[in-house]
């Protein structure tokens with residue numbers, strides 16, 4: 001069976017996109033993943049055929065650290081060259097993260113086709129470099145900064161878990177609120193929710209909150225109108241989305257793509273420290289699509305101010321869409337697969 005490699009690491013968004021691509025390719029190719037050595041790299045790839053490399057980021061204010069990381073990456077690059085010479089992959093896909101740098105550069109040097117997936121509205125440093133040499137570039141948004149009017153750019157959306165689907169959103173006794181801040185949780189959102197729980201809310205609200213690893217607080221909520229559950233991590237996001245009426249989240253590319261499918265009213269709080277403020281631009285793109293109610297809170301505000309804004313929002317009437325299930329069309333993963341196979345054949 002022909003071999004392919006998919007490189008991704010660091011964040012749940014990058015890794016889940018890689019896993020989604022692996023899912024559609026595994027029937028016709030032997031799929032192996034190239035990833036890093038961070039927590040999610042081991043957690044999400046633990047049952048997959050994966051190679052963990054010591055790649056390091058080249059974005060830093062410390063020149064000595066950049067030099068050190070560059071030397072490490074050169075060693076990784078040489079080891080990957082050896083791997084590709086041995087295995088002769090048909091192509092290599094980069095789904096995000098600095099592990100894609102040496103992985104795709106090595107493949108390109110050997111004449112192997114390389115493809116990148118740009119999930120955000122603003123390209124990251126690694127993809128900006130790789131975009132110059134990639135055979136095709138697949139984008140999530142029609143307007144991706146730095147990639148306008150380039151023939152090899154194809155807008156397909158973002159690969160997501162195939163289990164995540166649109167389901168009927170039924171209004172019940174409780175407003176069911178799903179809260180998460182990405183795969184590892186978000187301190188800003190966690191603290192905001194704790195402040196909201198202390199406010200007087202007269203409507204019945206049921207909150208399921210992903211707080212992140214080692215962040216469980218065992219909160220005892222006094223307000224009889226609020227049911228509150230906290231979790232370190234959701235392993236069943238498809239079921240959580242189906243359960244919810246309202247979603248409060250960051251604005252990472254993976255989250256944005258999943259929200260497009262589930263179409264629940266959502267409140268987005270972009271990550272303040274995101275590189276190039278890309279989460280804010282992701283949220284704006286989703287808002288401008290006008291497919292379902294999207295509210296963006298000012299991520300630069302203090303926790304107390306955010307909690308007050310969230311409290312005001314929850315007090316208002318939130319419209320629940322209970323229209324019939326909708327066909328969202330062919331998935332981004334299948335679109336990318338078709339484009340890559342057409343390119344390789346021709």
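The values are calculated or read from the model by the stated rules, or taken from the named source; none is laboratory data. Computed from a predicted structure; not experimentally measured. Cβ: placed from backbone, ideal geometry, glycine included. Neighbour counts: every protein chain shown.
Of the set (1) in a loop (DSSP other than H, G, I, E, B); (2) surrounded by 21 or more Cβ atoms within 10 Å (Cβ to Cβ); (3) touching a helix residue (DSSP H, G or I) at 6+ places or on another chain (Cβ under 6 Å), all apply to residue 264 but (3). Looking only at the range 198-245, residues that are in a loop (DSSP other than H, G, I, E, B) and within 16 Å of residue 311 (Cα to Cα) come to 10 in all.
Would you mind stating whether residue 173 is more than 22 Å from residue 288 (Cβ to Cβ) and either surrounded by fewer than 18 Cβ atoms within 10 Å (Cβ to Cβ) or not assigned by TED's automatic domain parsing to the domain that holds residue 118 (or both)?
Answer is yes for this residue.
Here the condition is being closer than 20 Å to residue 108 by Cβ, modelled with pLDDT under 95 and surrounded by 19 or more Cβ atoms within 10 Å (Cβ to Cβ); of 7, 55, 18, it holds for 55 alone.
Results for (1) touching a residue at least 40 places away in the same chain (Cβ under 8 Å); (2) over 24 Å from residue 93 (Cα atoms); (3) in contact with a helix residue (DSSP H, G or I) (Cβ under 6 Å, 6 or more places away or on another chain), shown as yes or no for each residue.
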{"position": "244", "(1), (2), (3)": "yes, yes, no"}
{"position": "275", "(1), (2), (3)": "yes, no, no"}
{"position": "283", "(1), (2), (3)": "no, yes, no"}
{"position": "297", "(1), (2), (3)": "no, yes, yes"}
{"position": "300", "(1), (2), (3)": "no, yes, no"}
{"position": "346", "(1), (2), (3)": "no, no, no"}
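Only a single criterion out of (1) closer than 30 Å to residue 111 by Cα; (2) at pLDDT below 90; (3) surrounded by fewer than 16 Cβ atoms within 10 Å (Cβ to Cβ) is not satisfied by residue 331, namely (3).
Counting residues in the range 135-151 that are more than 19 Å from residue 16 (Cβ to Cβ), at pLDDT 90 or above and not in a loop (DSSP other than H, G, I, E, B) gives one or more. Among the conditions (1) out of contact with any strand residue (DSSP E or B) (no Cβ under 8 Å at 6 or more places or on another chain); (2) in contact (Cβ under 8 Å) with a residue 40 or more places away in the chain; (3) closer than 20 Å to residue 113 by Cα, residue 3 misses just one, which is (1). When the residues of the range 192-218 are filtered to those that are exposed (fewer than 15 other Cβ atoms within 10 Å of the Cβ) and under 25 Å from the mean Cα position of the chain (by Cα), the one that is farthest from residue 244 (Cα to Cα) is 214.
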